[in-house]
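Presented below is the structure to which this report refers.
Just so it is clear, none of the values below were taken in a lab; they were calculated from the coordinates. Just so we're clear, the structure is a prediction, and the values are computed from it rather than from any experiment. With ideal geometry, Cβ positions are generated from the backbone for all residues, glycine too; neighbour counts draw on all protein chains shown.
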Amino acid sequence: MIPAKFDYVRPSSVEEAVSALQQGGDDAKILAGGQSLLPVLRLRLAAPSVVIDLGGIPELRQISEDGDRIAIGAMAPHHDVLRDDLVKQHVSLLSQATATVADPQVRHRGTLGGALAHADPAGDLGAVALALDAEFVIAGSSGTRTVPAAEFFVDYFTTAIGEGEILTQVRFPKYTGWSTHYEKFNRTAQAWSMVAVAAALRVEGGSIAEARIGLTNMGTTPIRATGVEQALVGQPATADSVRAAAEHATEGTAAPSDADAAADYREHLAKVLTGRAVLAAAG
Amino acid sequence: MTATADTTALEFGKARVRKEDARLITGRTRYTDAITPPGTLHVAVVRSPLAHARITGIDTAEAKRAPGVHGVYTVSDLGADEVGMPCAWPITPDQKAPQRPVLAKDTVHFAGEGVAVVVARSAAEAKDAADLVEVDYDPLDPVLDMEAALAEGATLVHPDLGTNESATWVFDSGEAGTGGSVADAIAAAEADPDQVVVRRRFRQQRLVPAFMEPRSCVVDPTGEQIVIWSATQVPHILRTMTTVTLGIPESKLRVIAPDVGGGFGGKIGVLPEEMMTVLLARKLGRPVKWTETRSECMLTAHHGRDQIQDLTITAKKDGTITGLDVRLLADMGAYLGLVGPGVPVLGAFMFNAIYKIPAYRFQTTNVFTTKTLTDAYRGAGRPEATFGVERIIDELAVELGREPLELREQNWIKHEEFPFTTVCGLTYDSGNYEQATARAKELFDYDALRREQAERRERGDKVQLGIGISTFTEMCGLAPSRVLGSLAYGAGGWEAASIRMLATGKVEVITGASAHGQGHETAFSQIVADKLGVPFEDVEILHGDTASSPKGLDTYGSRSLVVGGIAITMAADKVIEKAKKIAAHLLEADEADIEFSAGQFTVRGTDKGKAIQEIAFAAFMAHDYPEGMEPSLDSDAVYDPENFSFPHGTHLAAMEVDTETGRVNLRHYVCVDDIGNVVNPLIAEGQVHGGLAQGIAQALFEEANYDDQGTLVNGTFVDYTLPSAADLPSFTTEIVSTPATSNPLGVKGVGEAGTIASTPAIVNGVLDAVRHLGVADIQMPTTSQRVWRAIQEAQGRSTQETPIDTHSPGAGLGSIDPNNPQGEVQ
Ligand SMILES: Cc1cc2nc3c(=O)[nH]c(=O)nc-3n(C[C@H](O)[C@H](O)[C@H](O)COP(=O)(O)OP(=O)(O)OC[C@H]3O[C@@H](n4cnc5c(N)ncnc54)[C@H](O)[C@@H]3O)c2cc1C
């Protein structure tokens, strides 16, 4: 299908991009990997007057170590995140979740920043960012600000990125040595999650010292399963105790109903998958 | 010019890589949309968003003013008020067939129906302007459910027809004299404590054919003949039907199907868009192109399947089947497709399948709804039938407490009983169900899997194992013309071929079959190389252009090899016959003494001989040839088969079901297909693989869903869940060959086999995994949610299904929020 007419700019710095965005006003759209934006344009569900392509700003693709954090540029493609040794070592949960995103073609184009800015509740990376307390670096005309994950996801397809602002970097604390697993349930092998559970555990002497659990597609935003986390802490990672803790997985959720899964089925899946995610992480 | 083939290496049976692949895979070929004669104008169709509505106004003023626009037309503006799209299969004399207009006149009957058309300099400008056409609609009630559509007082799709029933077609073996009366068989079974009656209702969901290349048509009216390029399976039928529909003399039309990217039956129709493009090109005197988008394709290209099947089977307690009764409701959609009404009828002859069933009755009632029309889709009627019978055989096995494979064997036609005339009056020429089944069991390790299944049940494993069986046959190679005539099909079933021997000994073969991904060029070249004893590389296959291949009935129903291939063989025989006369003349021998083998004409008992290439050159020079003969080896043949071809096979699926989540996993799939002699094993295997993927997809993944307003809610590849290679295991496929006796090559069709066979194997396997939990049936596709709910219900835990909000985020469009159609994505 053919998108409606739009102007195209390709700035070479974040400052240029921000000013192009401000000039473009309401009607401007950022283009990252285009894997979500282009279908929207082609189906004519959106008709922006100007599309600002961030592909000409090389530093936005970088992944680096910054003290006790791993800083990932918003334009780092899923493929780069997945292959990166720093990410594997310190934020293994992100590698694992990214590996489940779509197919190799989409992963070469789609970006971490694009996926998080898009904030599709069925997307896989939001729950990871939330569970791991990532920070979002957002640039605007008056400089940059940093937003914690807990405040980043506002509603479905809505984040804390304001008008005229650009997400430039996502910073993950290091979880070196943590046991992690992303348990995804989908309709076909290369698709968004029906429900998924992101689990990161610090296991000490056979019992769970810290737990971070994020849920995908159990509400309009990614959801932190704090009830499960609390129930896990101090417990041994045995099937029975984990399953008992997983019963808390639906607390605070508002599962959607759609053609793939009605809410009650999603709730059931959330519990089963939470149990599996935690047990798999614990090894 | 004495190149001779290596006599030891026959082409027949060689797993040659397809010669067409290089140009297809590297993108060097040109599909219809890549053909743009100078001055081409582009078309965009304005389509109805509503399923059923009266059109109260169409305002084209703004669209006409848009940049690049040449014109905006309604059906009246095209002078096409009286034009109706053809339906070539009146299954009964009183079949009700509404006129399908080129563009809707005063009422739209399905969402996606064309209402107006924009012509512009570029496709983008046409699309932009199409968005500016304002259509006012007065909504009418949609008609969505077949049973409701037939009920008293139902809203009528076409009020002038007075009913939503298009036709009811019946076959009764008692009346036909080919078997007993089913009514008697059922009555007898009900009265007899030593017999059982099993009744089941199955649903064949609606599917989208999902071929790779969307449909496209380019018409150039500037020459003496109007040239039509179309992404069609049926260029010859398109030519004839364009004449029938628009009255343009056939001689003034040249139709070209260039390389076509798949069809699966989905490109068998004659399209309103094709006729519209012809009308526009003639009106404007310029080339015009229509290419649909993927969304238009999914919404408006005909769909497949969509039947409700009520089956009753009767049997003695010892397992002997005594009768089968089949009642179908078949959803035609809003109009009748070119052969749509006949699709369920094709299934009529296949519900009895490989079994000896003494009494049989089949009835289909074809119903109009306000949905996209249905028509042929890979297997066309036969997958539906095979599903029905293979499912109910399993149900009968459960009822009788029998091993399902043994129950099948008890009732199937034994190898020594061939040729066998079935309860439908068809004569199966050959088959060996024992051989295919024994081999499949061995490859599958059937007994070991049954043991594993028992162990998992015993242990109460979270993951249960089921074994799915389908012992299918099908009738293909459509078809003997007289049989088609007796079914009131609007064409014959022959196929044409010509062979031209060029001066240099190279060979051009012209076929009326029209490939769209099957590999005809390779397989046909192999046949001709052997027949004429020339190198494979010296054979060129020409097809898909009525200028070079004027005669043909095209490609569908697994007919290309078993009908078209035989026509080529016959033409080759005629070439040899003629060449023999010239060889005898040149070698100064009696024709009776000339022998032909591996491209050499030799005089019996001597070392004198001439190669076929030398004879071809001699015929071209024409300096010295027999009196009373034309100096040419070129030959034509038309082959009308005497019978269908009846491939068969045994398919086994190991299905794992995660009883906690309902997740179904196809662990292992084995099929052993008997497709007679095999020209090219690589192509045959490719056909089986693709066919399996499509059949498995029906069982596990695909369904075209309409909401209560008649809107197709999963009309993109994001939410119409087509499986990819990542969703399927490696298949174990094998071919055994019981040669067909109905044609000289001993071949049977293979194009649809995998699709026909696999669907019931999968569903039977899923049920076999959870039957002990009390689950009796699960509708297709057997998604994890459906499986989970079925288990919950069987265990007495009623699940509270939340009403499905198809417009919630994540409801398919994945990354697109349909609640926010303006797409304010941040
Ligand atoms: C076939 C397919 C399957 C998929 N499967 C999955 C899956 O399984 N799991 C999953 O999580 N995702 C999946 N996706 C989505 C994929 O992850 C996309 O890449 C992602 O949603 C968007 O990333 P992008 O870089 O392509 O962004 P784009 O499409 O370019 O942009 C998306 C939106 O974010 C905005 N945006 C992008 N970058 C910025 C920025 N730096 N600052 C502010 N706004 C910005 C854009 O304006 C736009 O509104 C799939 C996509 C496809 C096509």
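In table form, for the structure just shown:
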{"read-out": "Difference of contour (0.36 nm per residue) and Cα-Cα distance, B:ASP138 to B:ALA547", "value": "142.5 nm"}
{"read-out": "Ranking of B:HIS648, B:HIS623, B:HIS302, A:HIS248 by count of other Cβ atoms within 10 Å, fewest first", "value": "B:HIS623, A:HIS248, B:HIS302, B:HIS648"}
{"read-out": "Rounded if a/c under 1.5, otherwise prolate or oblate - the range A:7-56, Cα gyration tensor axes", "value": "oblate"}
{"read-out": "Cα gyration tensor, chain B - rounded (a/c under 1.5), prolate or oblate", "value": "oblate"}
{"read-out": "The range A:58-171: equivalent-ellipsoid semi-axes (sqrt of 5 x gyration tensor eigenvalues, Cα, Å)", "value": "20, 16, 14"}
{"read-out": "Whole-number Å³ per residue for the convex hull built on Cα positions in the range B:237-301", "value": "103"}
{"read-out": "Ranked list, fewest to most other Cβ atoms within 10 Å of each Cβ, for B:VAL575, B:VAL638", "value": "B:VAL638, B:VAL575"}
{"read-out": "Calculated FRET efficiency for the pair B:LEU150/A:ASP155, C-beta based, R₀ 51 Å, to 0.05", "value": "0.65"}
{"read-out": "Computed FRET value (nearest 0.05) for B:ASP708 with B:VAL170, which takes r as the C-beta separation and R₀ as 41 Å", "value": "0.80"}
{"read-out": "Computed label-point distance, nm, for sites B:GLN435 and B:ASP81 using a 7 Å Cα→Cβ extension", "value": "6.4"}
{"read-out": "Cβ-Cβ FRET estimate between B:ARG482 and B:GLU793, R0 fixed at 51 Å, reported to 0.05", "value": "0.50"}
{"read-out": "Rough spin-label spacing in nm, given labels placed 7 Å along Cα→Cβ, for B:ASP310 and B:ALA34", "value": "5.2"}
{"read-out": "Relative contact order [Cα under 8 Å, 6+ residues apart], chain B, whole percent", "value": "15"}
{"read-out": "Qualifying trypsin sites (Lys or Arg not before Pro) for the range A:1-85 [loop in DSSP, other Cβ within 10 Å: at most 13]", "value": "A:LYS5"}
{"read-out": "log₁₀ of I(q)/I(0) at q = 0.10, 0.15, 0.17 Å⁻¹ - the range B:595-742, Debye sum with one point per alpha carbon", "value": "-0.68, -0.98, -1.10"}
{"read-out": "Dimensions in Å of the range B:353-458 - Rg and Dmax from alpha carbons", "value": "17.6, 50"}
{"read-out": "Exposed-site-free run, longest, chain B (rule: GluC sites (Glu not before Pro); DSSP loop; at most 10 other C-beta within 10 Å)", "value": "B:225-587"}
{"read-out": "Relative contact order, percent, chain A [alpha-carbon distance under 8 Å, six or more residues apart]", "value": "15"}
{"read-out": "Structure-based [θ]222 nm, the protein assembly as shown - -39500 (n - 2.57) summed over DSSP H runs of at least 4, per residue, nearest 500", "value": "-8500 deg cm²/dmol"}
{"read-out": "Label point distance in nm, B:VAL718-A:ASP7, each placed 7 Å from Cα along Cα→Cβ", "value": "2.8"}
{"read-out": "For the range A:180-282, convex hull of alpha carbons as volume per residue, Å³", "value": "80"}
{"read-out": "Principal semi-axes in Å for chain A [√(5λ), Cα gyration tensor, largest first]", "value": "33, 21, 15"}
{"read-out": "Geometric extent, Cα atoms of the protein assembly as shown - Rg, Dmax (angstrom)", "value": "31.9, 105"}
{"read-out": "Relative contact order (%) - the range A:180-282, alpha-carbon pairs under 8 angstrom, separation at least six", "value": "30"}
{"read-out": "Three semi-axes of the equivalent ellipsoid, the range B:96-153, Cα gyration tensor, whole Å, largest first", "value": "31, 13, 10"}
{"read-out": "Long-range amide H partners of B:ARG206 with built H, under 5 Å", "value": "B:ASP306, B:ALA704"}
{"read-out": "Longest DSSP-loop-exposure-free segment, trypsin sites (Lys or Arg not before Pro), chain B, at most 12 other Cβ within 10 Å", "value": "B:29-461"}
{"read-out": "Debye intensity ratio I(q)/I(0), log10, the range B:565-657, q values 0.22, 0.24 Å⁻¹ (C-alpha model)", "value": "-1.06, -1.19"}
{"read-out": "Full-stretch length increase - B:ALA187, B:ASP445 - with 0.36 nm per residue and alpha-carbon distance subtracted", "value": "88.8 nm"}
